[in-house]
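What follows is a single structure, written as structure tokens, with notes after it.
The values are calculated or read from the model by the stated rules, or taken from the named source; none is laboratory data. Worth saying up front: this structure is predicted, and the values here are computed from it rather than measured. FYI the Cβ positions are ideal-geometry reconstructions off the backbone, even for glycines, and counts take in every protein chain you see.
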Amino acid sequence: MEKIEKQIKKDENFSEWYVQAVMHSGLFDYGEVSGTLIFRPDGYYIWESIQKAVDPLFKEIGIQNVYFPLFIPKHFLEKEKEHIEGFSAEVAWVTKGGQSELEEELAVRPTSETIMYPAYSKWIRSWRDLPMRYNQWNNVVRWEFKHPTPLLRSREFLWNEGHTVFATREEAAAERDQVLGIYKKVLKEYLALEGIVGQKTDSEKFAGAENTFSIEFVMPDGRISQGPDFHIDGQKFSKAFDITFLDKEGKRQYVYQNTFAISTRMIGIMLGMHGDDKGVIIPPKLARIQVVVVPIYSEQNKAEIIKYADGVKENISKDFRVFVDDSDAYSPGWKFNEWERAGVPVRIEIGKKEMESNSVTLFRRDTFVKESVQVTNLAVSVSKLLQEIHENLYQKSKSLIKTKIIAVENYEKLKDAVKSGYAVKALWCGDKECEAKIKEETAARSSNIPFGEQENINGVCVYCGKPAKHRLNFGKSY
């Protein structure tokens, strides 16, 4: 890892801190094309672990994995008007193959509806073919933005694409809570994150969807970032791509469809949420190295202490992912700093004192607290410590929602709160014009209409003063 000339503090300039912390963690590197990112082993391990957590839960409810091509013929992409209008500015096009001009331009997939659904129209014939619940893990390219931010706004990112098909609207609607429940479970149990589940406004919903539901996050700087989402597409795509079936009465019907995704943006949200002035902090379940052992030795006792450190690793390696850093290239203090920047949850320090007392010194990355532990109790102590670290990170993410989202009663307070670095909760009449004016005048877009917060709405819209229909979160975003 390269030397950082100036350590930026998280609470003084979150945006600069975020880029520095993420790019000096050893998890990622910049690609040669602006807006692209290289996942190094520890960074890709995080994404693999998220996949491995989500995928079996999908399979439990009957979702199967498939893979569809990267390239989409232009006339396919243009079949659903609202969909292509939503993505037209973001599509990367292939116009040549080798030295030959292509007869038809090919889109590099920004999303896969238009390449998957022609196949669906061939495969689905009767009610017996339904439901069809497919998912693919892939990469997508969305080209249009001016200021890329690692993971949070990338031109290429990784995700899952769920594309499911049902005979009735009711069956399709029932899938929403199943899928959002899976995402919420993985976010809590692996990423140590609490999000806000709700419905997107019509202005912010997915292009081509009837309704979009999302899990949203408020970052330490008060900006909002969208996490996993679920789209009820109704029959918009089935009518555009002629996906029909014969029902039990022999009548031809259009299917009902859903789409849903979790992407590598969640890694950026997680690192931004949990990190501190030292750098990133990786929740224990997602860390390729959960415990790093750093021996502290002199030339006289080097062999003895390294042998002791290797024994400590052997003692706990069947339960945890452990690495012994016994290199001679750097001092113990330098190693401490580098492993803290890398976000490894637990460090074990071993010197002459620890060796003579058959103990180790445990250091927890989230609080910097150290404790001495006997080797005989080490596995239990490390297990307990990793659980405590995860819970501490999760509780901090929950508290951030309470401290960084302010309920406001009028427009002046909304503007002041946004300017001061907060997201806001406000009453809204449901009119797109009010939503658009707030975004235009404050740069704060709507986040979502939170579930469980729409009861007893008694008041007026924060912008126009008409009777309110919803409580809606607003905030600046990345």
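List of remarks:
- In region 396-409, the residues that are within 15 Å of GLU453 (Cβ to Cβ) reach residues that are in a strand (DSSP E or B) and not hydrophobic (A, V, I, L, M, F, W, C) with C-beta atoms within less than 6 angstrom, at least six apart or across chains, in these pairs: ILE405/LYS425; ALA407/LYS425.
- Of all the numbered requirements in (1) within 24 Å of PHE145 (Cα to Cα); (2) surrounded by 18 or more Cβ atoms within 10 Å (Cβ to Cβ); (3) not basic (Lys, Arg), SER25 misses one, and that requirement is (1).
- Annotation note: Cβ proximity below 9 Å between a residue of region 98-125 that is of a type in the set (Gly, Ala, Ser) and a residue that is modelled with pLDDT under 95 and assigned to a helix (DSSP H, G or I) (sequence gap 6+ or interchain) occurs for ALA107/LYS74; ALA107/PHE76; ALA107/LEU77; ALA107/PHE87; ALA107/THR114.
- Evaluation of ALA468 against (1) touching a Cys at 6+ places or on another chain (Cβ under 6 Å); (2) buried (at least 20 other Cβ atoms within 10 Å of the Cβ); (3) among the hydrophobic types (A, V, I, L, M, F, W, C) (one fails), failing number: (2)
Let's see how each residue does on (1) within 18 Å of the chain's Cα centre (by Cα); (2) outside any strand (DSSP E or B); (3) among the β-branched types (Val, Ile, Thr); (4) buried (at least 21 other Cβ atoms within 10 Å of the Cβ):
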| site | (1), (2), (3), (4) |
| --- | --- |
| ASP202 | no, yes, no, no |
| ALA207 | no, yes, no, no |
| PHE217 | yes, no, no, yes |
| ASP229 | yes, no, no, yes |
| LYS239 | no, yes, no, no |
| LEU271 | yes, yes, no, yes |
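- So SER383, is it touching a Gly at 6+ places or on another chain (Cβ under 9 Å) and closer than 30 Å to GLY195 by Cβ: no
- Residue within region 60-77 that is touching a residue at least 40 places away in the same chain (Cβ under 8 Å), more than 21 Å from LEU187 (Cα to Cα), part of a helix (DSSP H, G or I) and touching a helix residue (DSSP H, G or I) at 6+ places or on another chain (Cβ under 8 Å) present: yes
- Just so you know, in region 397-445 the residues that are β-branched (Val, Ile, Thr) and either loosely packed, with under 14 Cβ neighbours inside 10 Å or closer than 24 Å to GLY272 by Cβ (or both) include one that is nearest to the chain's Cα centre (by Cα), and it is ILE401.
- Those helices (runs of 4 or more DSSP H) lying entirely in region 360-478 with at least 1 residues closer than 22 Å to LYS205 by Cα and hydroxyl-bearing (Ser, Thr, Tyr): 432-442
- Some residue of region 118-134 being charged (D, E, K, R), over 30 Å from MET23 (Cβ atoms) and surrounded by 16 or more Cβ atoms within 10 Å (Cβ to Cβ): yes
- LYS307 fulfils the conditions (1) in the same structural domain as PRO150 (by TED's automatic domain parsing); (2) closer than 30 Å to ALA379 by Cα; (3) surrounded by fewer than 23 Cβ atoms within 10 Å (Cβ to Cβ) except for a single criterion, (1).
- Residues in region 106-157 that are β-branched (Val, Ile, Thr) and part of a strand (DSSP E or B): VAL108, VAL140, VAL141, THR149.
- Of the residues VAL360, VAL344, VAL369, VAL380, the single one that is surrounded by 19 or more Cβ atoms within 10 Å (Cβ to Cβ) and within 35 Å of the chain's Cα centre (by Cα) is VAL344.
- For region 170-200, the tally of residues that are of a type in the set (Gly, Ala, Ser), surrounded by fewer than 17 Cβ atoms within 10 Å (Cβ to Cβ) and touching a residue at least 40 places away in the same chain (Cβ under 8 Å) stands at 1.
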